[in-house]
Amino acid sequence: MGNLKGSTFQKQIQNALARLDARGSKRYGTESRKTHSNALYTKRSMYLRDFAKFATERGLEGKLNTLMTRDNITEFMNERLSELSPKTALDYTSGFNSMLHGLEQTRVNIPQEAHQVLKEYTTDYRNEFNQVKNDFETGRAINDTGAFLNNLEQIRESSAVVAELQLQTGLRASEALEVAKNFQEYYNPSNNSLEGIVGKGGQEYFPKEISPELAYKLSNLQETPSYSTYYRDIANLEHKTHDLRITYAVEHYNKLKEEGYTHKEALKLTSQELNHHRESITLYYLSRA
């Protein structure tokens, strides 16, 4: 087993696609996981570009295949799948894993933990998809956030602080972990706000006001949990990290409605706070609550 060839991620992507390319040959009756159609070639190009983009944004270097560790795959998938429907997320995780098996058939080394993580995601999203009613899974919002944070603190204090940050700001888990790790870089003590947080697509969030109590906790946080650790801590309370973002969306929307805003106005303002490009995504969140 070896690594992908190429000094840059782009060259490694080209090498991976060339290794996998089996268009024109039949797959039926074989155990081949290679690329036998143009449609699959397009999908796998997307998978590789997505992971290369993630690695670049994180400042990772080396070979794409060796970067597919448990922590990296977990963080990548949570970010990439955060706004996809359960069916689309299921297709993505199973398709990505199949591509990795194909690369292994071409003698490219793939960490076995990558398969394990993707198998877990595929199982979770298959179960979630089977539970969807009318295209939405309900019950994702956290009803008693105080009790939730107290229970999480019993598991890991640092995870409870990050979760409280998510609940107060609506940040994605990866964004909240970044802020918690480098709190002083984002914190403006003159108005208790977080500034300069960049979300998906390079779009900057509006300044996020947080409570003085949370600012104190973040200032004194000794260690930030890894994404995989944080994800598992939340899962121990039968929730997903993105449920905290959904909870924020619901609470912010309802608050605006109580203040007299129309549905359309409240939806638009909530979308802006979540850094969503499309209001339909926010509406999807509200429907899952």
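The values are calculated or read from the model by the stated rules, or taken from the named source; none is laboratory data. The shown structure was predicted, so the numbers you read here are calculated from the model rather than taken from an experiment. Please note: Cβ atoms are built from the backbone with ideal geometry, for glycine as well, and neighbour counts cover all protein chains shown.
Below are the figures for this structure:
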item: Residue list for the stretch 94-117, filter: at pLDDT 90 or above and either polar (S, T, N, Q) or in contact with a His (Cβ under 7 Å, 6 or more places away or on another chain) (or both); result: Ser94, Asn97, Ser98, Leu100, Gln105, Thr106, Asn109, Gln112
item: Breaking point among (1) crowded, with 19+ Cβ neighbours inside 10 Å; (2) closer than 25 Å to Thr56 by Cα, for Ala141; result: (2)
item: Neighbours by Cβ (under 7 Å, 6+ apart or cross-chain): first from the stretch 69-90, within 14 Å of Tyr230 (Cα to Cα) and not assigned by TED's automatic domain parsing to the domain that holds Tyr230; second of a type in the set (D, E, K, R) and assigned to a helix (DSSP H, G or I); result: Arg70/Glu113
item: So Ser158, is it assigned by TED's automatic domain parsing to the domain that holds His276 and surrounded by fewer than 14 Cβ atoms within 10 Å (Cβ to Cβ); result: no
item: Conditions (1) of a type in the set (Lys, Arg); (2) over 18 Å from Leu81 (Cα atoms); (3) in contact with a Gly (Cβ under 9 Å, 6 or more places away or on another chain): number failed by Arg245; result: (2)
item: Some residue of the stretch 166-173 being among the β-branched types (Val, Ile, Thr) and in contact with a strand residue (DSSP E or B) (Cβ under 6 Å, 6 or more places away or on another chain); result: yes
item: Of all residues making up the stretch 137-162, the number that are within 18 Å of the chain's Cα centre (by Cα) and closer than 11 Å to Thr247 by Cα; result: 2
item: Failed condition for Thr30, given (1) β-branched (Val, Ile, Thr); (2) without any contact (Cβ under 8 Å) to a residue 40 or more places away in the chain; (3) touching a Lys or Arg at 6+ places or on another chain (Cβ under 8 Å); result: (3)
item: Test set (1) touching a residue at least 24 places away in the same chain (Cβ under 8 Å); (2) surrounded by fewer than 18 Cβ atoms within 10 Å (Cβ to Cβ) - Gly202 fails condition number; result: (1)
item: Residue match in the stretch 224-247 (condition: surrounded by fewer than 18 Cβ atoms within 10 Å (Cβ to Cβ), among the β-branched types (Val, Ile, Thr) and more than 22 Å from the chain's Cα centre (by Cα)); result: no
item: Elements of type helices (runs of 4 or more DSSP H) contained in the stretch 214-289, each with 1 or more residues being at pLDDT 90 or above and aliphatic (A, V, I, L, M); result: 227-235, 241-258, 263-274
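A quick yes/no check of all residues on (1) touching a strand residue (DSSP E or B) at 6+ places or on another chain (Cβ under 9 Å); (2) among the aliphatic types (A, V, I, L, M); (3) over 19 Å from Ser94 (Cα atoms); (4) not assigned by TED's automatic domain parsing to the domain that holds Met68:
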position	(1), (2), (3), (4)
Gly2	yes, no, yes, yes
Leu17	yes, yes, no, no
Arg27	no, no, no, no
Leu40	no, yes, no, no
Ser45	no, no, no, no
Lys53	no, no, yes, no
